[in-house]
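Accompanying notes for the structure given below.
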Amino acid sequence: MHATATEPNAPPSSSRRFRWRLLIYVGAAALLAWPAWEIGCVLFAGNVHEVIPGKLYRGAQPSAKKLEALVQQYKIRTVLNVRGCCWPDAWYIAEAAACERLGVNLEDVCFSAVHLPSRHELRLLIDVLDRAETPIFVHCRHGSDRTGIAAMVAELLLDDKSYDDAQRQLSMRYGHIPIGKTTMLDRFMQLYADWLAQTQQTHAPARLRHWILNEYRGGWCDAHFEKVERLFDVPRVGKSLEYNVVVRNTSTTAWQFRPLKTAGYHITYKVINETQNVIDEGRAGMLDALVQPGEKIQVVLIVAPIAAKGNYRLQVDMIEEGHCWFHQTGSELWEEELAIRE
């Protein structure tokens, strides 16, 4: 009697197929578990993470109850709010009251998620990091963009981290999605990397400190107004005002002026009344012109007629359309007090 040989191409048994499917399902679940956990932390658990053990923690805007839990868990001594002082908003009042009740210091630095950081606020951040009691809890609204920049700067200044390692503080793990206007924050840190490359240096805490305090001027949003000269002596009700404006490009990047309001660079103005409300704003330099670093441009700025007599303030600034007014990154605007007569 002869034994029957198994066919070499016979399909695997149902039990083997089951084991293979189980392995595939388990592997897929393992691969998805960590991203799902991180997404859950960002969306539902306050986006709280350790940055420097025992020194710095980051997260989203906490409620008063959540802040108390964070203080107890991590022994927080300073809360660093990078949304800026927002008195009298309810969330800010609640946070200030909670810090006072818990005996915790509250520090305010004002960053934006959609334009380059102000050089003044960056210097304030360094000052806070130098003198604040640790551990520090830093937050913005979602704990993703503004918090990422603050955490990255802190890690580079206070910890022995490489630039590449610290750059992960501004990543999708914490909810930062580099699409659209939030890419300005990535471009900000690239300015530092470019400066290191141009000067043939590698990162060190002292070099970042020097760059922020002495080299960074708001990136490509830096201008100097050499002349803003009114062409008529007496501002009157119902009469437009004309100014001869000369502004120099003091950044390291060329400005491309465009004849469209939605693109390029322009000279812009705001008229502010005695109650600090903006009653008018407009633009000049609606033309095709390229202004290289170090060069200047001269235009005529026309301010629309003001309807009522009184005291007003005129502010003249540069703007990159779709990004920001230059003063938001620390460039100096030009101001004049206007006494409008009949």
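Answer yes or no: is there a residue in the stretch 289-305 that is at pLDDT below 95, part of a loop (DSSP other than H, G, I, E, B), at negative phi and within 28 Å of the chain's Cα centre (by Cα). No; the residues of the stretch 289-305 include none that is at pLDDT below 95, part of a loop (DSSP other than H, G, I, E, B), at negative phi and within 28 Å of the chain's Cα centre (by Cα). The set of residues in the stretch 220-237 that are surrounded by 18 or more Cβ atoms within 10 Å (Cβ to Cβ) and either at pLDDT 95 or above or of a type in the set (A, V, I, L, M, F, W, C) (or both) comprises TRP220, CYS221, ASP222, ALA223, PHE225, VAL228. The set of residues from the stretch 154-191 being over 12 Å from the mean Cα position of the chain (by Cα) and among the β-branched types (Val, Ile, Thr) comprises ILE177, ILE179.
If you go through the stretch 255-272 and keep only what is surrounded by fewer than 16 Cβ atoms within 10 Å (Cβ to Cβ) and touching a Lys or Arg at 6+ places or on another chain (Cβ under 8 Å), you end up with just LYS261. Does the stretch 229-238 include one or more residues that are touching a helix residue (DSSP H, G or I) at 6+ places or on another chain (Cβ under 6 Å), closer than 29 Å to ILE302 by Cβ and among the small types (Gly, Ala, Ser)? Checked against the condition, which is being touching a helix residue (DSSP H, G or I) at 6+ places or on another chain (Cβ under 6 Å), closer than 29 Å to ILE302 by Cβ and among the small types (Gly, Ala, Ser), the stretch 229-238 yields no hits at all. May I ask you to verify whether SER240 is of a type in the set (S, T, N, Q), in contact (Cβ under 8 Å) with a residue 40 or more places away in the chain and surrounded by fewer than 17 Cβ atoms within 10 Å (Cβ to Cβ)? Yes; evaluated as a whole, the condition is true for this residue.
The rows are residues; the columns are (1) over 20 Å from the mean Cα position of the chain (by Cα); (2) of a type in the set (Gly, Ala, Ser); (3) over 15 Å from ALA150 (Cβ atoms); (4) at pLDDT below 95.
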residue	(1), (2), (3), (4)
ALA36	yes, yes, yes, yes
GLY40	yes, yes, yes, yes
HIS49	no, no, no, no
GLY54	yes, yes, yes, no
LEU67	yes, no, yes, no
VAL71	yes, no, yes, no
THR78	yes, no, no, no
GLY84	no, yes, no, no
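Only one of the listed residues (GLY282, GLY219) is within 28 Å of GLU121 (Cα to Cα), part of a strand (DSSP E or B) and among the small types (Gly, Ala, Ser). That residue is GLY282.
Every residue in the stretch 103-154 that is of a type in the set (S, T, N, Q) and part of a loop (DSSP other than H, G, I, E, B), please. Please lay out each step first, then the result.
First, the residues of the stretch 103-154 that are of a type in the set (S, T, N, Q): 105, 112, 118, 134, 144, 147.
Result: SER112, SER118, THR134, SER144.
The values are calculated or read from the model by the stated rules, or taken from the named source; none is laboratory data. Note that the structure is predicted; figures quoted are calculated from it, not measured. Using ideal geometry, Cβ is built from the backbone for each residue, glycine included, and neighbour counts are taken over all protein chains shown.
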